[in-house]
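J.: Sharing a structure below in structure tokens format, with a few things to ask.
The values are calculated or read from the model by the stated rules, or taken from the named source; none is laboratory data. Predicted, not measured: the structure shown is a model, and the values here were computed from it. Note: ideal-geometry Cβ built from the backbone for every residue, glycine included; neighbour counts use all protein chains shown.
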Amino acid sequence: MQITDQMFNDWVRQHQRFLFGIAYWWTGSRTDAEELTQEAFLQAYRSRSSLRDVELVKGWLVGILRHCHSQMRRRTKSREEVSFDEMLYEPESRPTLSADALALHQSLEKLEERHRLPVVLFYFQDLSYREIAEALELPIGTVMSRLARARQQLHGLMKAPTKLVLMKKAESL
Amino acid sequence: MSCEVYKSEMYAWRPGDDLSDSKPLLDHLATCPECAEWFANFSASDERIRQTFSVVPESPSLEAKIFAGLAYERLQRAPRKSIWRNWFLLPIVASLLLGVTLGFGPWLQEARLSRQVATLLSQPPSAEINSNDQKQLLAWSAGALSGDAGLPPELSRVEFRGASSLKVASHNAVLLKMKNEQRASLLIIDARLTGENTIKSFHETAGSDSRWSDGRRTYVLLFQGSEQDMHAYMYQMGIVT
């Protein structure tokens, strides 16, 4: 089917916030999320003829975002990793993060990579198991078992706040 | 089934799940106060996580950035004008040649620079060297410019990922691609070029630029996006010219 520039522009307006939110929680960085979202839309535009059904546009965009994320990781693999604790001192994130958000970022960072995106799609977008399975191109049973395991880990991690989270909580009192 | 087995089912449970599938779990919760309490705590904690996920920072310029990237992409893919249209340019070309003979040299050089810089936006040269090593990139650039490898202080925070050498208005030049901003490149020309601080034809190709000189070289920041976005980027990187 023919996807016009106008149609694509409408999708950008409708879904940029959705894609940015996923990228933000997935990467833990607003800057990376912006870069990833821009790249995803650009690649989506280039490969728009591969979309089979416009009803599935959200899942298709998530698939492209996943692909861009892998490319980004490969590019930055050699770069020294910065922990989220250090990132907190970026001026962009310090004033806006609540203690809960900080704990969530730190917990997500500790989750296994294969668990992180399903968790973000589950909580942030409230997608059903079926929708997550389609977006990740995985069998629904795999998604269910990964999510159960990931949620168990996430709840456990959130129950054990780091020093930084405790400090943040104390600041807000 | 033991309580532990039900717990693993609770981790897989989500609000709104099909009740027939969840019936054994719900039946167990009705008869096991310990599990019921555990499940209530889990659900509360789960809801709190869900609420936390709903808070995402604002990104007011994101949409504009996406559209700027798309505009550039579309520009590159736009079909080129038919050759016959170029015949209309003949009188202009003739006038320009006449202008050269009448002594419009400097003006023409400026126009030529503008055109060449504009071309860089629509057809940037592919990098001749890709590297994350700043020293290596600057040393390579210095070789292409036949000069030292230093950058002026306003560019001290900028990092690059690739470089290519080229000629701009007959002068040696290098185009350095920024590491963390796909839309930005830095053009260094091995000459001090005079003229207005804006390269007008550049704006026709949906780009922005900022140009300055240290007295020896000319620096042009090429940006595939609006003037506002470019200035935001320059501010972020501490590029004060």
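J.: Among the numbered criteria (1) within 11 Å of chain B (Cβ to nearest Cβ); (2) modelled with pLDDT under 90, which one does residue A:45 miss?
T.: (2)
J.: Just a yes or no: is a residue in the stretch A:58-70 surrounded by fewer than 21 Cβ atoms within 10 Å (Cβ to Cβ), among the small types (Gly, Ala, Ser) and within 12 Å of chain B (Cβ to nearest Cβ)?
T.: no
J.: Can you name every residue in the stretch A:5-57 that is in contact with a Phe, Trp or Tyr (Cβ under 7 Å, 6 or more places away or on another chain) and assigned to a loop (DSSP other than H, G, I, E, B)?
T.: A:28, A:51
J.: Just to be sure I understand the filter: pairs with C-beta atoms under 9 Å, separated by 6 or more residues or on different chains, first member in the stretch A:102-126 and under 19 Å from residue B:43 (Cβ atoms), second member acidic (Asp, Glu). Which pairs pass?
T.: The qualifying pairs are A:123/B:46.
J.: Something else now. Being closer than 22 Å to residue A:22 by Cβ, more than 10 Å from every other protein chain (Cβ to nearest Cβ) and either modelled with pLDDT under 85 or out of contact with any strand residue (DSSP E or B) (no Cβ under 6 Å at 6 or more places or on another chain) (or both) is true for just one of B:60, B:33, B:15. Which residue is that? Give the derivation first.
T.: Details: B:33 fails: closer than 22 Å to residue A:22 by Cβ; B:15 fails: more than 10 Å from every other protein chain (Cβ to nearest Cβ).
None of the others qualify; the one that does is B:60.
J.: List the number of the failed condition for residue A:86; all other conditions in (1) within 12 Å of chain B (Cβ to nearest Cβ); (2) at pLDDT below 90 hold.
T.: Among (1) within 12 Å of chain B (Cβ to nearest Cβ); (2) at pLDDT below 90, residue A:86 violates only (1).
J.: Shifting gears a bit: Out of the residues in the stretch A:105-134 that are over 13 Å from the mean Cα position of the chain (by Cα) and in a helix (DSSP H, G or I), state the one that is surrounded by the fewest Cβ atoms within 10 Å (Cβ to Cβ).
T.: Here the residue is A:130.
J.: Taking residue A:2, is it out of contact with any Gly (no Cβ under 8 Å at 6 or more places or on another chain), in a loop (DSSP other than H, G, I, E, B) and free of Cβ contacts under 8 Å to residues at least 40 places away in the same chain? Lay out the reasoning, then the answer.
T.: On the way: out of contact with any Gly (no Cβ under 8 Å at 6 or more places or on another chain): yes; in a loop (DSSP other than H, G, I, E, B): yes; free of Cβ contacts under 8 Å to residues at least 40 places away in the same chain: yes.
When the stated conditions are applied, residue A:2 passes them.
J.: Taking the stated definitions as given, is residue B:24 of a type outside the set (S, T, N, Q), surrounded by fewer than 16 Cβ atoms within 10 Å (Cβ to Cβ) and outside any helix (DSSP H, G or I)? Step through it out loud before you land on a result.
T.: Numbers: of a type outside the set (S, T, N, Q): yes; surrounded by fewer than 16 Cβ atoms within 10 Å (Cβ to Cβ): yes; outside any helix (DSSP H, G or I): no.
For residue B:24, the condition - of a type outside the set (S, T, N, Q), surrounded by fewer than 16 Cβ atoms within 10 Å (Cβ to Cβ) and outside any helix (DSSP H, G or I) - is not met.
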